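Peer 1: Okay, here's the structure, questions in a sec.
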Amino acid sequence: MLRLLTALLLALPLAALDPVWLETFDKVWQLVQDKHWDPAELERDGWTRLRAEYRPKVEAAKTTAEARGYMREMIQRLKLSHFHISGGESVEEAVAYGDGRPPFDVAIIEGRAWTWRPEAGSAVKAGWELLEVEGKPLGESLQRLAQSRKGPMLIARQRALVLSRLSGEPGANVEVTAQAVGGSPQKLRVKLLAPKGQTTRFGFLPPMPISIETKRIGDVGTIAFNVFLDPVRLSPAFEAAVKGCKATCRGFVVDLRGNPGGIGILAMGLAGFFVTQPDQILGTMVRRDSKLRFTVNPRAEIFTGPLAILIDSGTASTAEIMAGGLQDLGRARVFGSRSMGAALPSVIERLPNGDLFQYPVANYISRSGKTLEGEGVTPDQTVNLTPAGLAAGDPVLDAALKWIHAQKSLLPTVRR
Amino acid sequence: MRRRAFFQLSAASLSAAWLKALEPTGPAIVDRFVAATGGKAAYDKVTSEVAEGTVNMGAQGVSGTVRVLKKAGNAYTVIEIAGVGKLEEGVRNGVAWENNKITGARVRSGEERAVHVRNAAIDLDHQWRKYFPTAELAGSESVAGEDCYKVIMKPATGEPETRFFSKKSGLLLKMTATMPTQMGPMPMESTLSDYRDVQGVKRPFKLGVNAGGQAAEMVFSKWTMNSVIPDTAFAMPPEVLALVPKVTAKPAK
């Protein structure tokens, strides 16, 4: 119903486009003009020319969707991450309605969607291919995305698309068609679960459930969290996990898969649970007027033993800064697949028309001198997912555990 | 003809020189600010300050509360923001520190420490010569439509601060400086407005800060002088104390 309503709203013509849309366009253009970290590069990318091209289009737009579409098109022409204008709905990438989640995770392998890490008791098992959701085939939509994007960003978008199709209110049923390898397609009804974790709010970001899971796998401590927000809960959770490993863990795993980032400097704070020396640099944020170093200092509780970080195509922004920085420092070994390469520090502001505009204000250069944007973090040990691997468990975590157990030293947590 | 041109040029040069000679000096401009905000005698009576208000990063939808305490070289500031928690910083017996859930506890050192210790001084405004050996007039600039003297104030060590004093009122309207931070030198701009009398001394109830590309506005609703602040208000949190084992908890004077 909501999707239908959205489609109707998008189609509504305007008698005359409110002048606020032109004001909004000017604001968008000016913010980028004023805040981009490299004015020369911005000019080379044709920002002035883009204004001349798109302003008349917005002025002549007949619908709000059309006007917003032109503005989105203009910022996309810069081919940078962290540009987003909220409001209306993106047609291609369905937006989640309701915060229910399926009782399994989704992995994308060669452009196809597979089930992974199902909840206990889920009718859908790991390593099944997802063919349809609510009778709508996934293949065509996934392929359409592949025409416009490549690399980790494509995989992340495809996964987001599938998860958004699988969204709804907690408790609602969604019909999926899935197929085990070598089996035949099965139609199953899956009940959506409540989101994991507590909801938090920060600035203009929508309310988000923050999930923090710490556990012990034998003599290895692990922590997984879905976003770099809510430091009031996240930092103590790290501290407790590290403290709980005191003198008893052979190693520690930080799972940043699917983590899109959040508060940038939280990478510094969380990395501090794993370093012994002060003033270590993860990388540098390059702004127009300054270069600011992401500096790490040891926390009161630190873990000094072998550290593995898990990443995938959904690992972005602050999560990439933390993973790449600790990798460059030689402090962590990174497992999984290449991260998204969307690592531009950004801010979100409200526009005159009420939309929210996220835009990057700095470039980020890793400690090793690499621009993370577009490149991402390359794992020390790449683990390619296969349907058989998904069915067997978690091959990325398994690789990390194997490496930890192969390390000779058993280093205790040190309290300074 | 040539002689006339020469005289005109000389007259113009002399006029510029006279005008310059008529301009106040840097120290005179800063002294005028002290006088305009209450005068030395009023400042001398101040032994402590407490300011409370709100902090708003309106452009990004982030807001919270702020509380600032100062007494005899000790300072404590706490900003509380929903979703972020407490951002604390302070100076206690010459130890400058910060503590928050994002980056943890830290003791400041070097130039960064020096700036925070200097800013904690209760007599920073009226005894400015103690902290800034030179104050040099560097021209005029408009701040929010008001013509200002631009004065560069150089501390004994560290980077200079540029201050903009209203030609009309003598009040300080803007400051720019490159602040030493954990992340490296960070350009910072502060704008000061809505000066109100607080027990004989004028204080800016509105403070805009732009640092690291983030703009914030603090609006103080309550500002008191000489209230009794217990020494415990400046106590370092346990996380910070753990980093400074040698610091003794000397009472603030």
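The values are calculated or read from the model by the stated rules, or taken from the named source; none is laboratory data. Quantities reported herein were computed from a predicted structural model and do not represent experimental measurements. Glycine also receives a Cβ, built like all others from the backbone with ideal geometry; neighbour counts cover every protein chain displayed.
Peer 1: In this structure, is residue B:221 outside any strand (DSSP E or B), in contact (Cβ under 8 Å) with a residue 60 or more places away in the chain and not charged (D, E, K, R)?
Peer 2: Criteria not met by residue B:221.
Peer 1: Hand me the list of strands (runs of 3 or more DSSP E) wholly inside segment A:113-217 holding 1 or more residues that are within 15 Å of residue A:102 (Cβ to Cβ) and basic (Lys, Arg).
Peer 2: A:186-191
Peer 1: Could you give me the residue pairs with C-beta distances under 7 Å whose first residue belongs to segment A:307-325 and is modelled with pLDDT of 95 or more, whose second residue is surrounded by fewer than 24 Cβ atoms within 10 Å (Cβ to Cβ) and among the aromatic types (Phe, Trp, Tyr) wherever it lies, and which are 6+ apart or on separate chains?
Peer 2: Final answer for the pair search is A:308/A:403.
Peer 1: If you go through segment A:171-179 one residue at a time, do you hit one that is buried (at least 20 other Cβ atoms within 10 Å of the Cβ), of a type in the set (S, T, N, Q) and within 22 Å of residue A:126 (Cα to Cα)?
Peer 2: no
Peer 1: Would you pick out the residues in segment B:231-253 that are farther than 15 Å from residue B:107 by Cα, at pLDDT 50 or above and in contact with a Leu (Cβ under 9 Å, 6 or more places away or on another chain)?
Peer 2: B:233 - this is the single residue of segment B:231-253 that is farther than 15 Å from residue B:107 by Cα, at pLDDT 50 or above and in contact with a Leu (Cβ under 9 Å, 6 or more places away or on another chain).
Peer 1: Identify all residues within segment A:369-416 that are at pLDDT 95 or above, outside any loop (DSSP other than H, G, I, E, B) and of a type in the set (Val, Ile, Thr); write none if there are none.
Peer 2: Within segment A:369-416, A:382, A:396, A:404 meet the criteria.
Peer 1: Which condition number in (1) modelled with pLDDT of 95 or more; (2) over 22 Å from the mean Cα position of the chain (by Cα) is the one that residue A:304 fails?
Peer 2: (1)
Peer 1: If you don't mind, there's one more thing I want to ask. Residues A:222, A:315, A:284, A:304: which one is touching a helix residue (DSSP H, G or I) at 6+ places or on another chain (Cβ under 9 Å) and closer than 25 Å to residue A:363 by Cβ?
Peer 2: Testing whether each residue is touching a helix residue (DSSP H, G or I) at 6+ places or on another chain (Cβ under 9 Å) and closer than 25 Å to residue A:363 by Cβ leaves just A:315.
Peer 1: Let me ask something else. I'm trying to understand the selection: among the residues of segment B:176-231, which are touching an Asp or Glu at 6+ places or on another chain (Cβ under 7 Å), under 20 Å from residue A:293 (Cβ atoms) and small (Gly, Ala, Ser)?
Peer 2: B:177
Peer 1: Looking at A:199, A:248, can you tell me which residue is surrounded by fewer than 17 Cβ atoms within 10 Å (Cβ to Cβ), among the β-branched types (Val, Ile, Thr), out of contact with any His (no Cβ under 9 Å at 6 or more places or on another chain) and within 14 Å of chain B (Cβ to nearest Cβ)?
Peer 2: Criteria check complete, one pass: A:199.
Peer 1: Still on this model: From A:367, A:299, which residue is among the charged types (D, E, K, R), in contact (Cβ under 8 Å) with a residue 12 or more places away in the chain, crowded, with 21+ Cβ neighbours inside 10 Å and touching a helix residue (DSSP H, G or I) at 6+ places or on another chain (Cβ under 6 Å)?
Peer 2: A:299
Peer 1: Among the residues in segment A:7-30, are any within 25 Å of the chain's Cα centre (by Cα) and either at pLDDT 95 or above or in a helix (DSSP H, G or I) (or both)?
Peer 2: yes
Peer 1: Determine, yes or no, whether residue A:374 is small (Gly, Ala, Ser), surrounded by fewer than 20 Cβ atoms within 10 Å (Cβ to Cβ) and closer than 19 Å to residue A:314 by Cα.
Peer 2: In short, yes.
Peer 1: If you don't mind, there's one more thing I want to ask. Look through segment A:218-245, keep the residues that are part of a loop (DSSP other than H, G, I, E, B) and within 23 Å of residue A:341 (Cα to Cα), and return whichever of them is farthest from the other protein chains (Cβ to nearest Cβ).
Peer 2: Only one residue fits best here, namely A:226.
Peer 1: A further question follows. So, in segment B:168-218, of the ones that are without any contact (Cβ under 8 Å) to a residue 40 or more places away in the chain, of a type in the set (A, V, I, L, M) and within 14 Å of chain A (Cβ to nearest Cβ), which residue ends up farthest from residue A:264 (Cα to Cα)?
Peer 2: Across segment B:168-218, the extreme among qualifying residues is B:177.
Peer 1: So which of A:157, A:149, A:165 is under 22 Å from residue A:343 (Cα atoms) and surrounded by 20 or more Cβ atoms within 10 Å (Cβ to Cβ)?
Peer 2: Matching residue, one of A:157, A:149, A:165: A:157.
Peer 1: Inspect all residues belonging to segment A:219-238 and state whether any of them is exposed (fewer than 14 other Cβ atoms within 10 Å of the Cβ) and assigned by TED's automatic domain parsing to the domain that holds residue A:304.
Peer 2: Looking for residues that are exposed (fewer than 14 other Cβ atoms within 10 Å of the Cβ) and assigned by TED's automatic domain parsing to the domain that holds residue A:304, one finds at least one in segment A:219-238, hence yes.
Peer 1: Return the total of residues in segment B:171-183 being of a type outside the set (A, V, I, L, M) and more than 17 Å from residue B:206 (Cα to Cα).
Peer 2: Counting residues in segment B:171-183 that are of a type outside the set (A, V, I, L, M) and more than 17 Å from residue B:206 (Cα to Cα) gives 4.
Peer 1: Pick from segment A:282-298 the residues that are in a strand (DSSP E or B) and over 18 Å from residue A:376 (Cα atoms): which of them is farthest from the other protein chains (Cβ to nearest Cβ)?
Peer 2: Result: A:296.
Peer 1: Report whether or not residue B:157 is surrounded by fewer than 19 Cβ atoms within 10 Å (Cβ to Cβ), more than 14 Å from every other protein chain (Cβ to nearest Cβ) and either under 13 Å from the mean Cα position of the chain (by Cα) or not charged (D, E, K, R) (or both).
Peer 2: When the stated conditions are applied, residue B:157 passes them.
Peer 1: For segment A:125-146, how many residues are loosely packed, with under 14 Cβ neighbours inside 10 Å and of a type in the set (S, T, N, Q)?
Peer 2: Qualifying residue count, segment A:125-146: 1.
Peer 1: Could we say that residue A:315 is within 15 Å of the chain's Cα centre (by Cα) and outside any strand (DSSP E or B) here?
Peer 2: Against the criterion (within 15 Å of the chain's Cα centre (by Cα) and outside any strand (DSSP E or B)), residue A:315 qualifies.
Peer 1: I've got another one for you. Taking the condition of being aliphatic (A, V, I, L, M) and within 11 Å of chain B (Cβ to nearest Cβ), how many residues in segment A:344-390 meet it?
Peer 2: Final tally of qualifying residues: 6.
Peer 1: Also, quick follow-up: Look through A:140, A:134, A:129 and report the one residue that is over 14 Å from residue A:106 (Cβ atoms), touching a strand residue (DSSP E or B) at 6+ places or on another chain (Cβ under 6 Å) and not assigned by TED's automatic domain parsing to the domain that holds residue A:260.
Peer 2: It is A:134.
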